[in-house]
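Only the coordinates and a few stated rules stand behind these numbers; no lab work does. It should be emphasised that the depicted structure is a prediction, and the values quoted were computed from it without experimental measurement. Here the Cβ is made from the backbone with ideal geometry for all residues, glycine too, and neighbour counts use every protein chain on show.
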Amino acid sequence: MYPSALFAVLALALPALLSATPLTVETVEKRAVDFINPTLAGGSWLDKSAGLGEPLNVVISAQSSPEVLTLDGFLQYAQTIGFNIECLGLHLGDPQSANLGDGRGDVNETEVLRESFGIPGIGTCIESLTGGNHFRVFPQAETGALFLAVSKEEDLEDKHTIVPDGYNIGRDLLVAGAIGTKIGFDGKKFKFTTYNTVSQDVTGLIAAGTEGINHGIAQDGVIKVLTVKITKTFP
Ligand SMILES: *[C@@H]1O[C@H](CO)[C@@H](O)[C@H](O)[C@H]1NC(C)=O
């Protein structure tokens, strides 16, 4: 084909290509969801540890600010609401895994965060000794939502088993410390961040009771869905 003929073909095709573009964009636009129910695709609301599991009783909604759903951004948020990485980076116990119905099958927790008692640096060491609240984190590949298995633990002497009613108690303590407006401080970037968190109860996803649940401790069947929005960063 002669160059001039090629140009003519392009000139004819170009307007059609350009006018088609907005249609394409519209059709691939994602519908906003908080999370996808793992049980719709072979997953579960229980994680796995030695056969039994712990309830994934808190979800950080995919409609949260994108920054909050990143590894570093979520750690900043968790620190703001009173949690931190484990004492001196020590990991106590085997990792647990979960199937979030996102096509990846069983995937190990990405991290365990522990109550830090408001003490920077070593607060989570106190949790490891005396017990307290803690949670495991499982990100859902499709949506970016974070599924948390939250529970309140006994002290080290009791080998970190869960306190009576520890799933409900741990979940409610975490939510109570998270909702409303909280201001976090990132010491590395010397930056403050204001978070606004709202919580919604979702029932009917997991049956209340002890079935399949580790330590035989009942949970009440309520999943708390938190939507976390960054409203301000400064300076
Ligand atoms: C999960 O962690 C365990 C222990 O570290 C490891 O043996 C296993 O391969 C991991 N599983 C996956 C899917 O990464």
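Quick rundown of the values:
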item	result
Dipole of the chain [Lys/Arg +1, Asp/Glu -1 at C-beta], most positive-end residue of Ser128, Ala50, Pro66	Pro66
Convex hull of segment 36-190 built on C-alpha atoms - directionally averaged projected area, nm²	9.2 nm²
Cα long-axis angle, helix 3-28 against the chain (0 to 90 degrees, to the nearest 10)	30 degrees
For the chain, calculated [θ]222 nm from helices alone, where every DSSP H run of n ≥ 4 adds -39500 (n - 2.57)	-8000 deg cm²/dmol
Derived scalar couplings ³J(HN,Hα) [segment 41-52; Karplus, 6.51 cos²θ - 1.76 cosθ + 1.60; whole Hz; x for Gly, Pro]	9, x, x, 8, 8, 10, 7, 10, 9, 6, x, 9
Point-to-point label distance, Ser97-Ile183, nm (Cα→Cβ direction, 7 Å offset)	4.5 nm
Where trypsin sites (Lys or Arg not before Pro) fall in DSSP loop in segment 178-235, at most 11 other Cβ within 10 Å	Lys188, Lys189
Under the Karplus curve 6.51 cos²θ - 1.76 cosθ + 1.60, θ = phi - 60°, whole-Hz ³J(HN,Hα) for segment 138-152, x wherever Gly or Pro sits	10, x, 8, 4, 5, 10, x, 4, 10, 9, 10, 9, 9, 7, 9
Length-normalised contact order for the chain - Cα pairs under 8 Å, 6+ apart - percent	21 percent
Cβ charges +1 (Lys, Arg) and -1 (Asp, Glu), total dipole of segment 31-234, debye	860 debye
Protection proxy ranking, peptides 169-176, 102-109, average beta carbon neighbours within 10 Å, highest first	169-176, 102-109
